[in-house]
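J.: Let me begin by handing over the structure; questions about it come next.
The values are calculated or read from the model by the stated rules, or taken from the named source; none is laboratory data. No experiment lies behind these values; they were computed from the predicted model shown. Neighbour counts are summed over all protein chains in view; Cβ atoms, including those assigned to glycine, are modelled from backbone coordinates with ideal geometry.
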Amino acid sequence: MRAMGKERYHHGDLRNALIEAAIGLAREGGPEAVVLRAAARRVGVSPTAAYRHFAGQSELLGEVKEYGQRRLADCMEEAGGAVAGEGPEAVLARIRALGRGYVRFAMEEPGLFSAAFHGKSLEAVDGGQGGGFDLADQPWQARSFELLTESLDALLACGLMPPARRPGAEVGAWATAHGLARLVLDGPLSGIPAETFEPLIDRVLSDFLAGLTAPVT
């Protein structure tokens, strides 16, 4: 097996093979299952060969996190892109679709979803500037967050959201989708029947949007 591995990977694709193996490990067992030696064993090479490409587990897990975040964003974009139109009702429907895409990815890929958010992902909440998240050093995570931000900008632009409610609203949107996902994955809502799941998501998202679009008194 090791001889076959050396023959197969001598052209430099071992790194990608180890990443693919680690993604599979995460899918099966979450971030705790992403171990460099286990990835090497799955690929069929020695741990020594694997360590030539990764310093350790944290570096390999970083690649899995990046992949998980890309897949999360893809799932959200696919759900949001299925909504046609540009008017206010379409904007609201698109935000709901993004939220459903977020939670659906968590339900379909629980191990990968957990790996995507494993460990410290953001260095600071607002960097002392009062402006919000700084994702400049986290390019792998930016897209899923940007999708939420863009959808709320559209909500503001079409006149449904009072301008006073816009600052920081993406944090509330993120917390709503992520909190619901975790409750359904491994919280008190785990095991919820399929016929109850979709209406629950819609209710939570509709209640959140009702708050964002309510007049400021």
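J.: Just one of ARG41, ARG27 is touching an Asp or Glu at 6+ places or on another chain (Cβ under 7 Å) and outside the structural domain of ASP186 (by TED's automatic domain parsing); which is it?
T.: ARG27
J.: Within region 190-217, how many residues are of a type outside the set (Gly, Ala, Ser), over 17 Å from ALA106 (Cα atoms), touching a residue at least 24 places away in the same chain (Cβ under 8 Å) and in a helix (DSSP H, G or I)?
T.: So the count comes out to 4.
J.: Working only within region 1-28, note down all residues that are outside any helix (DSSP H, G or I) and either in contact with a strand residue (DSSP E or B) (Cβ under 7 Å, 6 or more places away or on another chain) or modelled with pLDDT of 55 or more (or both).
T.: GLY12, ASP13 - these are the residues of region 1-28 that are outside any helix (DSSP H, G or I) and either in contact with a strand residue (DSSP E or B) (Cβ under 7 Å, 6 or more places away or on another chain) or modelled with pLDDT of 55 or more (or both).
J.: Now for a different question. Those residues that are surrounded by 16 or more Cβ atoms within 10 Å (Cβ to Cβ) and closer than 12 Å to PHE113 by Cα, I need them from region 67-86; list them, please.
T.: Those that are surrounded by 16 or more Cβ atoms within 10 Å (Cβ to Cβ) and closer than 12 Å to PHE113 by Cα: TYR67, GLY68, GLN69, ARG71, LEU72, ALA73, CYS75.
J.: Just to be sure, is VAL64 part of a helix (DSSP H, G or I), hydrophobic (A, V, I, L, M, F, W, C), under 14 Å from the mean Cα position of the chain (by Cα) and within 16 Å of ALA173 (Cα to Cα)?
T.: Here the answer is no, as VAL64 does not meet what is asked.
J.: On to the next question. Only one of LEU147, LEU155, LEU183 is hydrophobic (A, V, I, L, M, F, W, C), modelled with pLDDT of 95 or more and within 23 Å of the chain's Cα centre (by Cα); which?
T.: Step by step, each of LEU147, LEU155, LEU183 is checked, and only LEU155 is hydrophobic (A, V, I, L, M, F, W, C), modelled with pLDDT of 95 or more and within 23 Å of the chain's Cα centre (by Cα).
J.: Quickly run through region 197-211 and pick out the residues that are surrounded by 10 or more Cβ atoms within 10 Å (Cβ to Cβ) and more than 16 Å from ALA97 (Cβ to Cβ).
T.: Residues satisfying the conditions are ASP207, GLY211.
J.: Identify, please: which residue in region 59-99 is among the acidic types (Asp, Glu) and in contact (Cβ under 8 Å) with a residue 40 or more places away in the chain and is, among those, nearest to ARG41 (Cα to Cα)?
T.: GLU63
J.: Looking at (1) in a loop (DSSP other than H, G, I, E, B); (2) at pLDDT 80 or above; (3) under 25 Å from GLY30 (Cβ atoms); (4) not hydroxyl-bearing (Ser, Thr, Tyr), find the lone condition where HIS178 falls short.
T.: It fails just one condition, (1).
J.: For region 155-165, which positions are within 17 Å of ARG94 (Cα to Cα) and not in a helix (DSSP H, G or I)?
T.: Result: CYS158, GLY159, LEU160, MET161.
J.: Can you work out which of the residues in region 29-58 that are assigned to a loop (DSSP other than H, G, I, E, B) and in contact (Cβ under 8 Å) with a residue 60 or more places away in the chain is farthest from LEU18 (Cα to Cα)?
T.: GLY30
J.: A further question on this structure: Search region 158-189 for residues being without any contact (Cβ under 8 Å) to a residue 40 or more places away in the chain and surrounded by fewer than 11 Cβ atoms within 10 Å (Cβ to Cβ), and hand back the single one that is nearest to ALA106 (Cα to Cα).
T.: Ranking the qualifying residues of region 158-189, first place goes to PRO188.
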